[in-house]
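Scroll down for the structure; my scribbles are underneath it.
Where a number appears in this text, it was derived from the coordinates with a stated rule and is not lab data. In this text, all values refer to a predicted model and were calculated from it rather than measured experimentally. Heads up, the Cβs are rebuilt from the backbone with ideal geometry, glycines too, and the neighbour counts pull from every protein chain shown.
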Amino acid sequence: MSDPDFSQFAAQIRDFEHLMTPAGRVPWITRFIRPAHPVDVVLYLGCNILRTAHIGCDAVALFEALGIHFTAVAGPQFCCGIVPHRAGDIEGANGFAQATAAKFEAYGAKQIVIWCPTCKLRFEELIRKDVIPKISMVQASEFLAAKTAQFDFPRLPPVRLAVHTHVGSSQREAEAKSAIKLLKAIPGVEVVGVYSSPDLGYQCAPLLLPQLSPERFRSILDNLIQEARRMRCDKLVTLYHSCHRELCGVGEEALPIQNYVSVMAEALGCAHRDYFQEFKKLNAPDSIAAISRPMWESHGLTEEQALTLARKYFAPKKI
């Protein structure tokens, strides 16, 4: 993969940050600096979660609520190498992963908690192939579920949740079970349905599902929404950031899409505003630019540049 190709990927991540995150106010490290002291845990958020930055912020808030001695890292400098790998640059992809693994080692953490399912699959494969050394790692939902009893959730007004999961492997099922355990631990929450489709693979990402036409992909998501509506659910809950992005594009105002960590953070009073969903449903670049003004101004963008980004990523797209 050429440098210009990766630069384009990194630029897309920055575009979303410019519209949704004030400059210098993210609760994670984006540029590696060798730490003065080791930490117990590294929360590895990956790259693409930054398109839905509120999910990353809510995950960090949960770790803070637990009082864990941790550091959170995110962004292209901590790439697992999947982007060049998909482009056929295996050597470059392995180099990215090795560099990131070396950064993990520098933090001296006992455990790496991985958010992104793609990152976890990739590191597991590279460990099996001896491309990188063995890492003690666990998926975020499983890590948090093991600490369910440590969360002091207040009682909420009754809320009915449908949970969108993925099937096809024991790992996906374990992650779903963990997220549902966490949700059920919140007083007032009722999980009334769990919805998935074997056609969606391990996460909702059209790039990974070439066998599905855009129409078929949209139809599956529409059906998930309708099933949740039939169960009279108040919200449809996702496990992964990619699912959140895709479902926000087909969801309805009456049925909000919310990630499980955001449900937890909301219950604890530390949730962050979901600009992605807000902008996706707004479908109005002028209004998006107006709402996001504090963010893009902090990054030094002009109003015209902000409008260009709003049109690029949030203007209605026909299927």
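For Ala72, which sequence-distant residues (separation of 5 or more, or a different chain) have an amide H within less than 5 Å of its own amide H, given hydrogens modelled in the peptide plane?
For Ala72, whose amide H was placed from the backbone, the distant partners under 5 Å are Ile29, Leu43.
Positive end of the charge dipole of segment 179-226 (Lys, Arg +1 and Asp, Glu -1 on Cβ, about the Cα centre): tell me which of Ser196, Ser219, Leu183 has its Cα farthest that way.
Positive-end residue among those listed: Leu183.
How large is the dipole of the chain about the Cα centre if only Lys and Arg carry +1 and Asp and Glu carry -1, each at its Cβ, rounded to the nearest 20 debye?
It works out to roughly 400 debye.
Straight-line reach from Lys177: which aspartates and glutamates have a Cα under 14 Å away, not including same-chain ones fewer than 8 places off?
Counting by Cα, and skipping residues close in sequence, Lys177 has these aspartates and glutamates nearby: Glu142.
Which listed residue (Ala59, Thr100, Val131) has the Cα farthest towards the positive end of the charge dipole for segment 39-195, taking +1 on Lys and Arg C-beta and -1 on Asp and Glu C-beta about the Cα centre?
It is Ala59, whose Cα lies furthest towards the positive end.
List the cysteines in the chain whose Cβ has no other cysteine Cβ under 4.7 Å from it.
Singleton cysteines: Cys47, Cys57, Cys79, Cys233, Cys248, Cys270.
Taking H placed 1.01 Å from N in the peptide plane, check which residues at least 5 places from Val191 or on another chain put their amide H under 5 Å from its amide H.
For Val191, the qualifying residues are Leu161.
List the equivalent ellipsoid semi-axes of segment 208-300 in whole Å, largest first, each obtained as the square root of 5λ for an eigenvalue λ of the Cα gyration tensor. Write out the running numbers ahead of the final one.
Numbers: eigenvalues 125, 70, 33 Å².
Its equivalent ellipsoid spans semi-axes of 25, 19, 13 Å.
With the contact rule set at Cα under 8 Å and sequence spacing of 6 or more, what percent relative contact order holds for the chain?
Working: 515 pairs, mean separation 63.4, N = 319.
After rounding, I find 20 percent.
With unit charges on the beta carbons (Lys and Arg positive, Asp and Glu negative) and the dipole taken about the Cα centre of segment 3-145, which residue among Ala36, Leu121, Ile90 sits farthest to the positive side?
Ala36
Of the listed pairs Lys120/Lys147; Lys120/Lys312; Lys103/Lys184; Lys110/Lys184, which have alpha-carbon separations greater than 32 Å here?
Numbers: Lys120/Lys147 20 Å; Lys120/Lys312 30 Å; Lys103/Lys184 36 Å; Lys110/Lys184 29 Å.
Pairs exceeding the cut-off: Lys103/Lys184.
What percent of all Cα-Cα pairs in segment 97-206 falls into each 10 Å bin, going from 0 up to the bin containing the maximum distance?
Percent of pairs per bin, in order: 12, 36, 31, 17, 4, 0.
With charges only on Cβ, +1 for K and R and -1 for D and E, what is the dipole size of segment 3-145 about its Cα centre, in debye, rounded to 20?
Its charge dipole is roughly 160 debye.
Within the chain, what percent of beta bridges assigned by DSSP are antiparallel, to the nearest 5?
5 percent
Provide the FRET efficiency to the nearest 0.05 for the Ala11-Lys129 pair, computing r from the beta carbons and using R0 = 41 Å.
Numbers: r = 31 Å, r/R0 = 0.74.
Approximately 0.85, to the nearest 0.05.
Scan (i) 53, 51, 33; (ii) 59, 48, 47; (iii) 49, 48, 40 for the value of Cα extents along the principal axes in Å calculated from this model and give just the label.
Answer label, from the structure shown: (iii).
Restricting everything to alpha-carbon atoms, can you work out Rg to Rh for segment 151-278 with a Kirkwood hydrodynamic radius?
0.95
With θ taken as phi - 60° and the coefficients 6.51, -1.76 and 1.60, list the Karplus ³J(HN,Hα) couplings across segment 280-287 in order, rounded to whole Hz; mark glycine and proline as x.
For segment 280-287, the Karplus-derived couplings read 4, 7, 6, 6, 9, x, 4, 5 Hz, x marking Gly and Pro.
Quick one: what are the phi-derived ³J(HN,Hα) couplings along segment 167-180, Karplus 6.51/-1.76/1.60 with θ = phi - 60°, whole Hz, x for glycine and proline?
Whole-Hz 3J(HN,Hα) from phi for segment 167-180: 10, x, 8, 5, 5, 4, 5, 5, 5, 5, 4, 5, 5, 5.
Give me the percent relative contact order of segment 38-168, please, defined on Cα pairs under 8 angstrom at least 6 residues apart.
Relative CO of segment 38-168 lands at 27 percent.
When the convex hull of the C-alpha atoms of segment 186-243 is computed, what volume per residue in Å³ does it have?
Dividing the Cα hull volume of segment 186-243 by its residue count gives 86 Å³.
How long is the gain from Arg273 to Ala146 if the chain were fully straight, where each residue apart is worth 0.36 nm and the alpha carbon distance is subtracted?
Roughly 43.1 nm would be gained on extension.
List the residues, sorted by chain then number, that are 5 or more residues from Asn259 or on another chain and whose placed amide H is less than 5 Å from its amide H.
Here Thr238 satisfy the definition.
Using the alpha carbon gyration tensor of segment 3-145, what are the three equivalent-ellipsoid semi-axes (square root of 5 times each eigenvalue), largest first, in whole Å?
22, 20, 13
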